[in-house]
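The values are calculated or read from the model by the stated rules, or taken from the named source; none is laboratory data. Nothing here was measured: the structure is a model prediction, and the numbers come from that model. Neighbour counts run over all protein chains shown; Cβ positions are idealised from the backbone, glycine included.
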Amino acid sequence: MSLPALLGWIFRLLLVVGGSFVMDRLFPAERWSWRIHDFIYQRLPPVPPDTQIVIVDIAQLGRADLARLLLKLGAAQPSFIGIDAVFHSYQASPEDTLWMQALCSVATRLPVCLVSTLDLSKPMDKAPKSPVSHSSFTRCVEQAFANLILQDSSVRLVREALIYTISEKDTALSLGARTALAINPRLRDTLFKLPAQLTIRYRGSFSHFYFLSGEEVLKSDLPLDWLRGRVLLLGVADPLRRTMEDIFFSPLEGEFCRRSMPDMYGVLIHANIAAMLAHKSFFENLSILWTGALIVFSYILLSVWGGMEAGLRRSFFIRLTQVALIWGAIELTLWLGKWGYWLSVEPLLWAILIGGEIEMWRAPCRRRLA
């Protein structure tokens, strides 16, 4: 290859690389990435249940029953109880008094955590937490925020989680992160080295955690000694889906276009976040250098056919190479995702499209590039 030809090839390569990242910044094609993310779950190997996390359904219980349930669960000596429910109002009634006393009684023996929310008048990553339950119920317990990041509020689809925030006064933890610390206290040394916002690597729904019905616990004499040392998450989690309260879509449901019924209760999402953090099974983002190297490799293949003499054969092979490279990029992303790595594929897809068009419309050489 002559020096002018080499310089021309390098110029076109820089144009492809720069153009792909500019297009990705100006027109972020997140739907491509998230659709690939959904397909990853179809290839993930089966995961055994997390034996440390127990989901307790409280959907049908009033405050008096909740008080009796909390005292009964607390007597089993779990290591932590998180409550994904909000108690806005307080009245001087026997039910509210019992619930307040139960919270304070159990909190003297083990950590009990009620959900809070984030004050989104500030950016989410620096938003201070604020209680959402009445102060009568929060005075004895810890609080952790439960805001879930919705990709599209119209379909309530949750793919990402905010793990912590660093506000002006304090560092606040999400309910999932606080639960993970109860499972593995040593996680605190590495937790704040993680990005505050993470893609959730879902473990699964009901079958992937131990489950108890609050109603059944109150009505029967089920032995609860096996709860000793485990973490409990109380919330709306009805396997029969008799209530649509606090329920969301997740990538586990399969075909996005066919989603008609939300599949994941909020408390189960927090359990998945906790399991992901405790077991360090989150998706690890690959360096942008990986994307850059794949862009160079893709353009080398495209430029091979672009160096042919003009004709239908040249156009056919350029288009065929584009299709093959797009398919290969998606398959590579799926394969990496299966093993816990996340490739930023959007710039690569833009590069394949831009590179193919440049090769289609440039003046071909009389012979192929060496």
Residue identified as buried (at least 18 other Cβ atoms within 10 Å of the Cβ), outside the structural domain of I247 (by TED's automatic domain parsing) and either of a type in the set (A, V, I, L, M) or under 29 Å from L157 (Cα atoms) (or both) among I273, I269, I295: I295
Residues satisfying the stated conditions in the range 169-183, i.e. buried (at least 21 other Cβ atoms within 10 Å of the Cβ) and among the polar types (S, T, N, Q): S174, T179
Residue under evaluation V267, criteria (1) among the β-branched types (V, I, T); (2) touching an Asp or Glu at 6+ places or on another chain (Cβ under 7 Å); (3) part of a loop (DSSP other than H, G, I, E, B), criterion not met: (3)
Failed item in (1) over 14 Å from the mean Cα position of the chain (by Cα); (2) closer than 25 Å to L232 by Cβ; (3) in contact (Cβ under 8 Å) with a residue 40 or more places away in the chain, with S167 passing the rest: (2)
Residues located in the range 77-113, provided they are in contact with a helix residue (DSSP H, G or I) (Cβ under 6 Å, 6 or more places away or on another chain) and part of a strand (DSSP E or B): F80, G82, D84, V112, C113
S207, sole failed condition from (1) surrounded by fewer than 16 Cβ atoms within 10 Å (Cβ to Cβ); (2) in contact with a strand residue (DSSP E or B) (Cβ under 9 Å, 6 or more places away or on another chain): (2)
Boolean, G204 is at pLDDT below 90 and either assigned to a helix (DSSP H, G or I) or within 30 Å of R241 (Cβ to Cβ) (or both): yes
When residues of the range 207-245 are limited to those that are assigned to a loop (DSSP other than H, G, I, E, B) and of a type in the set (D, E), the one farthest from M264 (Cα to Cα): D221
The listed residue being under 19 Å from S344 (Cα atoms) and basic (K, R), out of R63, R43: R43
Filter result for the condition that a residue is assigned by TED's automatic domain parsing to the domain that holds E215, at pLDDT 95 or above and touching a Lys or Arg at 6+ places or on another chain (Cβ under 8 Å), over V54, V106, V112: V54
Residues being touching a His at 6+ places or on another chain (Cβ under 7 Å) and modelled with pLDDT under 90 - total across the range 152-198: 1
